[in-house]
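Chemist: Sharing a structure with you now.
The values are calculated or read from the model by the stated rules, or taken from the named source; none is laboratory data. Small disclaimer: the values here were computed from a predicted structure and weren't measured. Backbone-built Cβ (ideal geometry, glycine too); neighbour counts: all protein chains shown.
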Number of protein chains: 2
Amino acid sequence: MSASAAVAAPVQINATRLWQRLMTLAQIGATPNGGVNRQALSAEEIEAWHVMLAWAAEAGLDAFTDPAGNLFLRLAGRDATALPVLSGSHLDSQPTGGRFDGVYGVLAALEVLVSLSESGWRPQRDLIMVAWMNEEGSRFAPGMMGSEGFAHHRSMADIRAARDVDGVLAGDALDQLLHTFSELPQRPLGFPLAGYVEAHIEQGPVLEAQEKTIGVVTAIQGKKTFEVTIQGTRGHAGTLAMRERRDAVTAFARICCALDAQIGGYDDIVKFTIGRVQVLPNAPSVIAGSVSFSIDLRHPDNAILNALGNRVEAICNTEVRPCEVEVKLLVNAPSNGFDAAIQDMIEQSAATRGLPSMRLLSAAGHDARYMAPLCPSAMIFIPCRAGVSHAEHEWSEPEQVSAGANVLLDTLIQLAGE
Amino acid sequence: MSASAAVAAPVQINATRLWQRLMTLAQIGATPNGGVNRQALSAEEIEAWHVMLAWAAEAGLDAFTDPAGNLFLRLAGRDATALPVLSGSHLDSQPTGGRFDGVYGVLAALEVLVSLSESGWRPQRDLIMVAWMNEEGSRFAPGMMGSEGFAHHRSMADIRAARDVDGVLAGDALDQLLHTFSELPQRPLGFPLAGYVEAHIEQGPVLEAQEKTIGVVTAIQGKKTFEVTIQGTRGHAGTLAMRERRDAVTAFARICCALDAQIGGYDDIVKFTIGRVQVLPNAPSVIAGSVSFSIDLRHPDNAILNALGNRVEAICNTEVRPCEVEVKLLVNAPSNGFDAAIQDMIEQSAATRGLPSMRLLSAAGHDARYMAPLCPSAMIFIPCRAGVSHAEHEWSEPEQVSAGANVLLDTLIQLAGE
């Protein structure tokens, strides 16, 4: 038995401190309506890093970064040769985002590390908090840049080439961030890990409706997105006979009905959405010459997701006549199942603490999607009011916030080794 | 037999002069791509009036106007007590309009009057050319202000209250026009008429496809337009179960398919168009909260038009569930049948001149729509290349232009009394 093992691990995080820190970070990029605008690589995110680093220094945590602009804070374990355990989420928000999405998972992990540090107890493995760069993708699209870069799922050249609406390169903004924190050591991308756990608000109504405090996330449902463009022929609404028309709007309507019935109606689990429709020239007395639209298709079962995705083009081709159609696959993210052993740890922790829990699927994407292929990974959800997120009135209760962090504490202690 | 009857009426207009005058007016508001931008009550339209008045003075025609800003040029007939015959169209164009739409009918009528004036022959009735104010409605919407005002179909107060995009009142622009031409006498709106004939390019492909030079217009098809708004509920594309959604886009698609089948498929004559579709918030991962769209419905048979129009709301209500829908009727213009006797005169003139002709419906609206209830009215169409109008490359051939004017000459002579 090592000397440090004589000290017991803490059984509670400091709920008051965690809540206060959430409210402190909510002031960085605060919006008039109580939300947060703290987009990736912005001055607000840099300010948030300064605050995080001050809290880390106070607790004796090491800080480092990597070429993708991810922030890491480390509680050293007893065994420097053991692979570390990682936990966190992201500090960036939507332009009219809330006080919990992302930042909750970062601060819950920080709170675990600080509570452990204060207790004097040390796990076997290093415990590392991470704040991934640009999860939201609202400033530089698409998001998940930090975790995708870390996992070598996307090249840094590709990530750096993205531009915001003002034409600023992500690479330049990233260099500015790293220059600002040039005193921090850098580790290479993709360093080996023993495990990853991410706490997050659910961003859905299930936990609230089921009156559960803890969600044991079984998987992130797979997602495919498409951009479909229908080419018709413009014409005069008053003169062109119906049988001579190549009307892109009616072709769109037929395609939409068929896709909704055949794909959206496949089972009770699939999610099928056409959210964006662009008609040209979009004038009341002109038969539309083209319609482009988006498809967002999600399913947790990859075999079903693939089968449904493969049907999109055939359905479009059948229904589009006499117009023509082009179907482009934009995103193809398979479902990631989370580690069964960590799910059990989370469930057991909730049960021990008397917190009602349930297993559920994550409908939204998270950085954990890109960690699951690298190491045993899992997610802990807490409820958010009415399932609302990406909105200024996004809300979770203090007791839900602390419950999730306590379950994270138990899980990380188990993973990092008592 | 009166003294003037000893002179024979001319049997041809001056084709060269008519073409040259068309090209001269095309220079007023000429666009870089060969089209015309001469919108209602603009400096360009005022310049066109100056040119028209110079041509009228040269030919000994009287000029007058009315409170709606219509320009009239008169060839005095032999019988001052007989009701006059009117012919013309409009001088205003779309912002990227062509050289023929409207101005052709004005200059063809002027050419008839000038040719008659030159010949020394006088008809029994006054022959009056008219240039109606603001047919297009591109600057001040909706259009047909001059003919609607003349026909007391719309009040002058309502017409004068329209504003352009710069906030200029139509009433102020109209006062400026009338002030510029304050030397012209004004006649009251709606003075009695013996007949009205309007020459116009077809604005459709039928005459060209059928290789006919003269179109005998049987009617202007009736038109109804609607604005439909579907109210659903916004939601997250990844989380909300399909059965819980109130998706305004799929509701739109169902409505569009049903309307297209039940109304657009009613017979071979109906024209049904959804040309404008607006989705909110129009984001790929957001279930749409609302969709608004336009309906343009046309049919020459008023009973059918009304029956089809009356079905719109019921179809929307059936298909919209579980969303909600509001249907607003914006335009309700019944079909106007033209005078059978004048149609025969036009057809007979074409036959005598060896010009291939056919009867056809006007799919587009014209000022003649508002004259038909006032007096026996008719329209003469000439072909336009590929049916294109409201475009800078709108085109008719010189021989088509002169053919239509010669048929107008014959028709006006017959109506005005030899």
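Chemist: Would you pick out the residues in region B:247-259 that are touching a Gly at 6+ places or on another chain (Cβ under 8 Å) and either facing another protein chain (nearest Cβ under 7 Å) or of a type in the set (Val, Ile, Thr) (or both)?
Modeler: The answer is B:249, B:250.
Chemist: Between a residue in region B:349-374 that is assigned to a helix (DSSP H, G or I) and any residue that is of a type in the set (D, E, K, R) and surrounded by fewer than 23 Cβ atoms within 10 Å (Cβ to Cβ), which pairs come within a Cβ distance under 6 Å, given they are 6 or more apart or on different chains?
Modeler: B:349/B:410
Chemist: For residue B:14, indicate whether it is polar (S, T, N, Q), over 25 Å from the mean Cα position of the chain (by Cα) and surrounded by 15 or more Cβ atoms within 10 Å (Cβ to Cβ).
Modeler: On the way: polar (S, T, N, Q): yes; over 25 Å from the mean Cα position of the chain (by Cα): yes; surrounded by 15 or more Cβ atoms within 10 Å (Cβ to Cβ): yes.
Taking the combined requirement at face value, the residue satisfies it.
Chemist: On the given criteria, is residue A:125 among the charged types (D, E, K, R), in contact (Cβ under 8 Å) with a residue 60 or more places away in the chain, assigned to a loop (DSSP other than H, G, I, E, B) and in contact with a strand residue (DSSP E or B) (Cβ under 6 Å, 6 or more places away or on another chain)?
Modeler: Details: among the charged types (D, E, K, R): yes; in contact (Cβ under 8 Å) with a residue 60 or more places away in the chain: yes; assigned to a loop (DSSP other than H, G, I, E, B): yes; in contact with a strand residue (DSSP E or B) (Cβ under 6 Å, 6 or more places away or on another chain): yes.
Judged against the criteria, residue A:125 is a match.
Chemist: Still on this structure: Take the residues in region A:260-281 that are over 17 Å from residue B:240 (Cβ atoms) and assigned to a helix (DSSP H, G or I), then tell me which one is farthest from the other protein chains (Cβ to nearest Cβ).
Modeler: Looking at the filtered set, the residue picked out is A:262.
Chemist: Follow-up. Could you please let me know if residue B:208 is touching a Pro at 6+ places or on another chain (Cβ under 6 Å) and of a type in the set (D, E, K, R)?
Modeler: Considered against the rule, which asks whether it is touching a Pro at 6+ places or on another chain (Cβ under 6 Å) and of a type in the set (D, E, K, R), residue B:208 comes out as yes.
Chemist: Shifting gears a bit: Among the numbered criteria (1) free of Cβ contacts under 8 Å to residues at least 12 places away in the same chain; (2) out of contact with any Cys (no Cβ under 7 Å at 6 or more places or on another chain); (3) on the phi < 0 side of the Ramachandran plot, which single criterion is violated by residue A:282?
Modeler: Unmet for residue A:282, out of (1) free of Cβ contacts under 8 Å to residues at least 12 places away in the same chain; (2) out of contact with any Cys (no Cβ under 7 Å at 6 or more places or on another chain); (3) on the phi < 0 side of the Ramachandran plot: (3).
Chemist: Any residue in region A:327-345 that is within 17 Å of residue A:225 (Cα to Cα) sitting within a Cβ distance under 6 Å of a residue that is in a loop (DSSP other than H, G, I, E, B)? List the pairs, counting only those 6 or more apart or interchain.
Modeler: Listed pairs, sorted by first residue: A:335/A:221; A:335/A:300; A:336/A:372.
Chemist: Quick one: residue A:161 ticks every box in (1) more than 19 Å from residue A:370 (Cα to Cα); (2) at pLDDT below 90 except a single one, so which number is it?
Modeler: For residue A:161, the exception is condition (2).
Chemist: Also, I was wondering about something else. Which one of these does residue B:381 not meet: (1) closer than 15 Å to residue B:193 by Cβ; (2) of a type in the set (Phe, Trp, Tyr); (3) in contact with a Leu (Cβ under 9 Å, 6 or more places away or on another chain)?
Modeler: (1)
Chemist: For region B:247-266, enumerate the residues that are among the small types (Gly, Ala, Ser), in contact (Cβ under 8 Å) with a residue 40 or more places away in the chain and either within 30 Å of residue B:339 (Cβ to Cβ) or surrounded by fewer than 24 Cβ atoms within 10 Å (Cβ to Cβ) (or both).
Modeler: The answer is B:258, and nothing else.
Chemist: Spot the failing condition for residue A:34; the list is (1) within 27 Å of residue A:119 (Cα to Cα); (2) surrounded by fewer than 16 Cβ atoms within 10 Å (Cβ to Cβ); (3) in contact (Cβ under 8 Å) with a residue 40 or more places away in the chain, and only one is missed.
Modeler: Looking at each condition in turn, residue A:34 falls short on (1).
Chemist: Quick one: which of A:213, A:180 is among the hydroxyl-bearing types (Ser, Thr, Tyr) and within 15 Å of residue A:69 (Cα to Cα)?
Modeler: A:180
Chemist: Another question, then. So which residues in region A:267-300 are among the hydroxyl-bearing types (Ser, Thr, Tyr) and surrounded by fewer than 24 Cβ atoms within 10 Å (Cβ to Cβ), if there are any at all?
Modeler: Of everything in region A:267-300, those that are among the hydroxyl-bearing types (Ser, Thr, Tyr) and surrounded by fewer than 24 Cβ atoms within 10 Å (Cβ to Cβ) turn out to be A:285, A:290, A:292, A:294.
Chemist: Taking residue A:380 as meeting all but one of (1) at pLDDT 95 or above; (2) closer than 26 Å to residue A:224 by Cα; (3) assigned to a helix (DSSP H, G or I), write down the number of the exception.
Modeler: (3)
Chemist: Further question: Looking at the structure I just gave you, is residue A:319 in contact (Cβ under 8 Å) with a residue 60 or more places away in the chain and in a loop (DSSP other than H, G, I, E, B)?
Modeler: The answer is no for residue A:319.
Chemist: Turning to a different aspect of this structure: Of the residues A:203, A:186, A:210, which is over 30 Å from residue B:387 (Cβ atoms) and under 21 Å from the mean Cα position of the chain (by Cα)?
Modeler: Result of the check over A:203, A:186, A:210: A:203.
Chemist: Taking into account only those residues within region A:213-253 that are at pLDDT below 95, over 31 Å from the mean Cα position of the chain (by Cα) and small (Gly, Ala, Ser), which is farthest from residue A:387 (Cα to Cα)?
Modeler: A:241
Chemist: For region A:125-158, name all the residues that are closer than 10 Å to residue A:370 by Cβ and of a type outside the set (A, V, I, L, M, F, W, C).
Modeler: Within region A:125-158, A:146, A:147, A:148, A:149, A:152, A:153, A:154 qualify.
Chemist: While we're on this one: Scanning for something out of contact with any Pro (no Cβ under 7 Å at 6 or more places or on another chain), over 30 Å from residue A:391 (Cα atoms) and more than 13 Å from every other protein chain (Cβ to nearest Cβ), does region B:319-328 turn up at least one residue? Write out each step before concluding.
Modeler: Within region B:319-328, the first condition is being out of contact with any Pro (no Cβ under 7 Å at 6 or more places or on another chain), and the residues that meet it are B:319-328.
Subsequent filtering for residues that are over 30 Å from residue A:391 (Cα atoms) retains B:319, B:327-328.
Subsequent filtering for residues that are more than 13 Å from every other protein chain (Cβ to nearest Cβ) retains B:327.
Checked region B:319-328: at least one residue is out of contact with any Pro (no Cβ under 7 Å at 6 or more places or on another chain), over 30 Å from residue A:391 (Cα atoms) and more than 13 Å from every other protein chain (Cβ to nearest Cβ).
Chemist: Ok, one more. Sort out which residues of region A:383-396 are touching a strand residue (DSSP E or B) at 6+ places or on another chain (Cβ under 8 Å), farther than 20 Å from residue A:88 by Cβ and in a loop (DSSP other than H, G, I, E, B), and write them in order of number.
Modeler: A:383, A:391, A:392, listed by residue number.
Chemist: When residues of region B:147-184 are filtered for being of a type in the set (S, T, N, Q) and not in a loop (DSSP other than H, G, I, E, B), how many remain?
Modeler: Count: 3.
Chemist: Here is a further query. Exactly one condition in (1) among the acidic types (Asp, Glu); (2) under 21 Å from the mean Cα position of the chain (by Cα); (3) surrounded by 15 or more Cβ atoms within 10 Å (Cβ to Cβ) is not met by residue B:158; state its number.
Modeler: (3)
Chemist: While we're here: Given the criteria at pLDDT 95 or above, surrounded by fewer than 24 Cβ atoms within 10 Å (Cβ to Cβ) and of a type in the set (Asp, Glu), does residue A:66 qualify?
Modeler: yes
Chemist: Pick from region B:337-348 the residues that are part of a helix (DSSP H, G or I) and among the acidic types (Asp, Glu): which of them is farthest from the other protein chains (Cβ to nearest Cβ)? Let's see the steps before the verdict.
Modeler: So in region B:337-348, the residues part of a helix (DSSP H, G or I) come out as B:340-348.
When the remaining residues are screened for being among the acidic types (Asp, Glu), the result is B:344, B:347.
On the way: B:344: 25, B:347: 22 Å.
So the residue we want is B:344.
Chemist: Among the residues in region B:397-415, are any part of a loop (DSSP other than H, G, I, E, B), touching a residue at least 12 places away in the same chain (Cβ under 8 Å) and buried (at least 19 other Cβ atoms within 10 Å of the Cβ)?
Modeler: no
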